[in-house]
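Worksheet: one structure, shown below.
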Amino acid sequence: MDKTIGIFGGGQLGRMMAQAALPLNIQCTFFEASPDCPAATLGQVFASKSENSLQDFIHSADVFSLEFENTPLADVDVLIKHKDLHPPRQALAIAQNRLLEKGLFDELAIPVAPYKAVNSLESLQAAVAELGLPIVLKTATGGYDGKGQFVLRSADQIEQAWAELGPAGSLIAESFVTFSREVSIIAVRGQNGEVKTWPLAENHHHNGILSHSIVPAPNSADLQPAAQDYITRLLNHLNYVGVLTLELFVTDKGLYANEMAPRVHNSGHWSIEGAVCSQFENHIRAVAGLPLGSTEVVRPTVMVNIIGQHPKTEDVLALNGAHLHLYNKTEREGRKIGHITLMPNDAAELTDLCRQLAKILPNPLALSADMSL
Ligand code: AMP
């Protein structure tokens, strides 16, 4: 092997990074609590809960990255005294705190919904008075997939919202954005500062969890330049190396940034088959200091998450052109355990594939009927 990359986290994102690294003679190691995590079959796992294992992990690799945005900064601080981490610590620290994140978006003139910091019942009342209703109240740290959120629609819910989220620490109140759809942009920045961007993905959620992404997002040609501009500002400002994701709302006033993820992202899984170079390979290339690959689309692609229960492998593989990615995870309600990539020739074939897929997925609700290219 030419190089070893140590990755904080050993979930499916780490697994797919390691899969992309192997053909380049790059080995991955992982720092992760669970020894039988999805990445375990691809590289050594250092148990993040055991004493001294951080030191062993630091010795195990030449350069480091992460697949988990809540990677403890305390661990990162130990690491960066000895070895390089891509993306930079600052990107991680900002992405771990919604207030810092919104502050950075403001600083870089990336549009966001009006927001206020909330740290008491009185400041929540003041935020409601200033922003108006509805608002989305979120914990500043620790939330994901819509957890740690309360949508406040009337003033008589203020005390209930504070009782539910107040104990979680500092909060952010955001104006509720009326959006037509949710999209994400993913880009990669190399060690020489080169930036490459994939096309916008249109993301559909079910119960707060991504159910499927369509790429390129239909009718998004006029949105792509602004999204690309926003993510490039972030990448350059942070002197970022690796893949960054920016989630955005499409509104009648243009794009509003919701949040960033300093890592490869579920809405970029389509790129394994749908792009010349996937988000995983380009992330590995950037972290290893190699030239970046083309982010061009090979074919319009739909990525469907497998949530909770596995379909029959043979049923999925019988679908024309479908690719199946299983993460070696056990079934549990609401858990992402795999994904399917569909690469239809046209809208008619997409409709047909979705109809067939809805029949074979144990959790067909994950797939809405409104897919179009
Ligand atoms: P987040 O954890 O910030 O990604 O939020 C989870 C989901 O909640 C988003 O994907 C949106 O569907 C919704 N959401 C979050 N913030 C807002 C907002 N300010 N206005 C409307 N919907 C929101």
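The values are calculated or read from the model by the stated rules, or taken from the named source; none is laboratory data. Just so we're clear, the structure is a prediction, and the values are computed from it rather than from any experiment. Here the Cβ is made from the backbone with ideal geometry for all residues, glycine too, and neighbour counts use every protein chain on show.
Filter region 174-217 down to residues that are charged (D, E, K, R) and away from the ligand (no atom under 12 Å from the Cβ) and give me whichever is nearest to His339 (Cα to Cα). Reasoning before the result, please.
Going through region 174-217, the residues charged (D, E, K, R) turn out to be 174, 181-182, 189, 194, 196, 202.
Add one more test, that the residue is away from the ligand (no atom under 12 Å from the Cβ), and what stays is 189, 194, 196, 202.
Working: Arg189: 26, Glu194: 30, Lys196: 25, Glu202: 16 Å.
Restricting to residues being charged (D, E, K, R) and away from the ligand (no atom under 12 Å from the Cβ), the top hit is Glu202.
Just name the residue that is surrounded by the fewest Cβ atoms within 10 Å (Cβ to Cβ) out of those in region 149-171 that are more than 27 Å from the chain's Cα centre (by Cα) and polar (S, T, N, Q).
Ser154
Which one of these is among the acidic types (Asp, Glu), surrounded by 16 or more Cβ atoms within 10 Å (Cβ to Cβ) and at pLDDT 95 or above: Glu194, Glu202?
Numbers: Glu194 fails: surrounded by 16 or more Cβ atoms within 10 Å (Cβ to Cβ).
From the options Glu194, Glu202, the qualifying one is Glu202.
Name the residues in region 29-38 that are in contact with a strand residue (DSSP E or B) (Cβ under 7 Å, 6 or more places away or on another chain) and hydroxyl-bearing (Ser, Thr, Tyr), would you?
Passing the criteria: only Thr29.
What pairs can you find where one residue is in region 348-373 and within 14 Å of Asp315 (Cβ to Cβ) and small (Gly, Ala, Ser), the other is surrounded by 15 or more Cβ atoms within 10 Å (Cβ to Cβ) and at pLDDT below 85, and their Cβ atoms are less than 7 Å apart, with a gap of 6+ or different chains?
Ala358/Leu367
Just a yes or no: is a residue in region 116-127 among the hydroxyl-bearing types (Ser, Thr, Tyr), within 16 Å of the ligand (Cβ to nearest atom) and touching a helix residue (DSSP H, G or I) at 6+ places or on another chain (Cβ under 9 Å)?
Taking region 116-127 as the starting set, the residues that turn out to be among the hydroxyl-bearing types (Ser, Thr, Tyr) are 120, 123.
Next cut, within 16 Å of the ligand (Cβ to nearest atom) only: none.
Within region 116-127, not a single residue is among the hydroxyl-bearing types (Ser, Thr, Tyr), within 16 Å of the ligand (Cβ to nearest atom) and touching a helix residue (DSSP H, G or I) at 6+ places or on another chain (Cβ under 9 Å).
What residue, among those in region 3-28 that are without any contact (Cβ under 8 Å) to a residue 40 or more places away in the chain and touching a strand residue (DSSP E or B) at 6+ places or on another chain (Cβ under 8 Å), is farthest from Asn70 (Cα to Cα)?
Taking region 3-28 first, the residues without any contact (Cβ under 8 Å) to a residue 40 or more places away in the chain are 18, 22-23, 25, 27-28.
Imposing the further condition that a residue be touching a strand residue (DSSP E or B) at 6+ places or on another chain (Cβ under 8 Å) reduces the set to 18, 25, 27-28.
Working: Ala18: 20, Asn25: 28, Gln27: 23, Cys28: 20 Å.
Selected residue: Asn25.
Go through region 218-254 and give me each residue that's surrounded by fewer than 23 Cβ atoms within 10 Å (Cβ to Cβ), within 16 Å of the ligand (Cβ to nearest atom) and hydrophobic (A, V, I, L, M, F, W, C).
Result: Phe249, Val250.
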